[in-house]
Amino acid sequence: MTKPMTDITQLPQHDRILILDFGSQVTQLIARRVRESGVYCEIWPFNQAPEDRVQGYNPKGIILSGGPSSVTDKDSPRAPDFIFEMNVPLFGICYGQQAMVSQLGGMVERGDTSEFGRAYVDVTAHNDLLENVWDKGAHEQVWMSHGDRVTKLPDGFNVVGASEGAPFAIIADDARKFYAVQFHPEVVHTPHGSALLKNFTHNVCGCSGDWTMAAFKDETIAKIKKQVGSGKVICGLSGGVDSSVTAVLLHEAIGDQLTCIYVDTGMMRAGESEQVVELFRDHYNIPLIHEDARAQFIGGLEGISDPEIKRKIIGGLFIDVFDMCAKRVGGADFLAQGTLYPDVIESVSFTGGPSVTIKSHHNVGGLPERMDLKLVEPLRELFKDEVRALGVELGMHPDFVKRHPFPGPGLAIRIPGEITIEKLEILRKADTVYLEEIKNAGLYDAIWQAFAVLLPVKTVGVMGDNRTYDYVCALRAVTSTDGMTADYYPFDHEFLGRVSTRIINEVPGINRVVYDITSKPPGTIEWE
Ligand code: XMP
């Protein structure tokens, strides 16, 4: 039975918070904390928030982020002045506090010393921002990262908390509902930071927490139906979480108007192609084109060892094959993509000029122009953890939605140097053993991404009475929140020893295993 069509104009308008970004590395974390508290928010660069746009967005509160500038410098960023007259609550964080203070007539000075890392705040007064989190007299851990500090408060403000390096660590103008902190409540090193942000959104701004994945699902399905009408949609499946959730959501919305295309590049992990076909064609009954293009990709990569050339060849071939498959669908009108919010946010760049290309990411970015397709991007407003929650809401298996990210070029960028079928086979086996052990140890969900890399180096070993001369396998496992920065995972030695023994015993072609303990930066997560 088809569900009655929802009238999109009748959908509820969610409470909204606006975050004005001054270029901090952790602005996205503010948004994630706000979303986790059930409140919709968006991040806009501070200089792309004209009054009519902000009024149209109708925020219940505005947060001013941190940033790398100094308000003591001429021409440093400022919040748009009209926000102080809008009669909405404001919350300034670090640079956001300093901008607020200096714009409202207080003073900020360069400190003699900087305060970085863990610090303690003494709470000196009661306040709505702190309610049920920090009491007067409390001594609380926070995370600081500043050189400048507030030295004189604007009229109407009171001190609520002080740290050794920041006498105005928490300040408030209760009458206007303006609050500001010198520390970063959005990072985990401020243990009660999320509760403070929640107090701002719920207690101070009066948001109800109406942003849930169940609501998002229903509303987005209604929007997709309206956008697509009776058109045909194609969606590239990679086996990853984003494209899979996109496909299942679209299928709920438009049924068989959707066709999925899965291109088997030959660079997939063990069993991956079978899993995709089984899940989408057999389980969800979604029309699926499964294109076996293994020979084309392996042929195209023959003799190539330069990482950037590999990526470009794979990206180009993928577009060719996908285009050909799409033609088979006949007259598609839309291309569905699993673009996420972090790709949409325009962060403020203080460096000017284009940044250096570290890696050319493989995606289907060039496809819509080439194929003259309109885009359907239902996940554009979501962070990765929200996509996972949406997947569960759609009835997808939690194990599936918790899968580690897998790069578009697949195993090709986990085999530095030339790629051969033999090397792909060896790597698949090693990767399977490694992930099996991680899952057995119950560590999979604590790790952002774990995989094996096959090095183009052979070393001498001894097995039984025989000499071996085989490849080295490197193991990588990192923790991260967004893939932008990462730490290596601190496995215990016993675990690493067990994986090493299993790989060397079970995977012919490998006789040595090493563990990569590089964080990002300076390393990247993938090896190429
Ligand atoms: P790096 O290696 O740049 O990776 O530290 C950061 C994250 O991005 C993934 N990655 C890719 N994802 N296409 C993708 O869809 C790509 O070309 C690509 N290259 C890297 C990587 O796996 C990690 O999660």
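The values are calculated or read from the model by the stated rules, or taken from the named source; none is laboratory data. What you see is a predicted model, and the numbers here were worked out from it, not measured in a lab. Counting neighbours? That spans all protein chains shown, and the Cβs are built from the backbone with ideal geometry, glycine included.
Filtering the stretch 96-113 to residues that are within 28 Å of Cys207 (Cα to Cα) and either among the aliphatic types (A, V, I, L, M) or modelled with pLDDT under 95 (or both) leaves Ala99, Met100, Val101, Leu104.
Just so you know, in the stretch 314-348 the residues that are within 13 Å of the ligand (Cβ to nearest atom) and in a loop (DSSP other than H, G, I, E, B) include one that is farthest from Lys374 (Cα to Cα), and it is Leu340. Number of residues in the stretch 33-53 that are crowded, with 18+ Cβ neighbours inside 10 Å and touching a helix residue (DSSP H, G or I) at 6+ places or on another chain (Cβ under 7 Å) equals 7. Of all residues in the stretch 258-272, at least one satisfies being in contact with a Phe, Trp or Tyr (Cβ under 7 Å, 6 or more places away or on another chain), under 16 Å from Leu424 (Cβ atoms) and more than 15 Å from the ligand (Cβ to nearest atom).
In the condition set (1) part of a helix (DSSP H, G or I); (2) surrounded by fewer than 18 Cβ atoms within 10 Å (Cβ to Cβ), Arg311 is compliant with all but (2).
For beta carbons closer than 8 Å, sequence separation of 6+ or different chains, a first residue in the stretch 454-470 that is touching a residue at least 12 places away in the same chain (Cβ under 8 Å) and within 20 Å of Ala412 (Cβ to Cβ) and a second that is outside any strand (DSSP E or B) and among the acidic types (Asp, Glu), the qualifying pairs are Pro456/Glu418. List, please: which pairs have Cβ atoms under 7 Å, are six or more places apart or on different chains, and start with a residue in the stretch 474-496 that is at pLDDT below 95 and end with one that is acidic (Asp, Glu) and within 10 Å of the ligand (Cβ to nearest atom)? Listed by first residue and then by second, the contacts come to nothing, as the list is empty.
Look through Gly410, Gly417, Gly365, Gly391 and report the one residue that is modelled with pLDDT of 95 or more, within 16 Å of the ligand (Cβ to nearest atom) and of a type in the set (Gly, Ala, Ser).
From the options Gly410, Gly417, Gly365, Gly391, the qualifying one is Gly410.
In the stretch 114-121 there is at least one residue that is over 17 Å from Thr201 (Cβ atoms) and modelled with pLDDT of 95 or more. Pairs meeting the criteria (first residue in the stretch 275-300 and closer than 12 Å to Ile314 by Cα, second residue in a helix (DSSP H, G or I), beta carbons under 7 Å, at least 6 apart or on different chains) are Ala293/Val321; Gln296/Leu317; Gln296/Val321; Phe297/Ile314; Phe297/Leu317; Ile298/Ile421; Gly300/Ile313; Gly300/Leu317.
Just to be sure I understand, how many residues within the stretch 203-227 are at pLDDT 95 or above and in contact with a strand residue (DSSP E or B) (Cβ under 6 Å, 6 or more places away or on another chain)? Of the residues in that region, 1 qualify. Answer yes or no as to whether Arg502 is among the charged types (D, E, K, R), modelled with pLDDT of 95 or more and surrounded by fewer than 12 Cβ atoms within 10 Å (Cβ to Cβ). Answer is no for this residue. If you go through the stretch 514-528 and pick out every residue that is of a type in the set (Val, Ile, Thr) and more than 8 Å from the ligand (Cβ to nearest atom), you end up with 3. Here Val478 clears all of (1) within 16 Å of the ligand (Cβ to nearest atom); (2) farther than 30 Å from Pro342 by Cα except the condition numbered (2). Of a type in the set (S, T, N, Q), surrounded by 15 or more Cβ atoms within 10 Å (Cβ to Cβ), away from the ligand (no atom under 16 Å from the Cβ) and over 27 Å from Val188 (Cα atoms), is that true of Asn440? So Asn440 fails the test.
Tell me, please, whether a residue that is more than 25 Å from Glu291 (Cβ to Cβ) and surrounded by fewer than 23 Cβ atoms within 10 Å (Cβ to Cβ) can be found in the stretch 228-241. Yes, because at least one residue in the stretch 228-241 is more than 25 Å from Glu291 (Cβ to Cβ) and surrounded by fewer than 23 Cβ atoms within 10 Å (Cβ to Cβ). In the stretch 135-152, the residues that are without any contact (Cβ under 8 Å) to a residue 60 or more places away in the chain and closer than 17 Å to Ser69 by Cβ reach residues that are assigned to a strand (DSSP E or B) and β-branched (Val, Ile, Thr) with C-beta atoms within less than 8 angstrom, at least six apart or across chains, in these pairs: Arg149/Val108; Val150/Val108; Val150/Ile171. Going by the structure shown, is Gly523 over 28 Å from Glu308 (Cβ atoms), without any contact (Cβ under 8 Å) to a residue 40 or more places away in the chain and surrounded by fewer than 17 Cβ atoms within 10 Å (Cβ to Cβ)? In short, no. The residues of the stretch 471-498 that are closer than 19 Å to Leu411 by Cα and over 27 Å from the mean Cα position of the chain (by Cα), listed by number, are Tyr471, Val472, Cys473.
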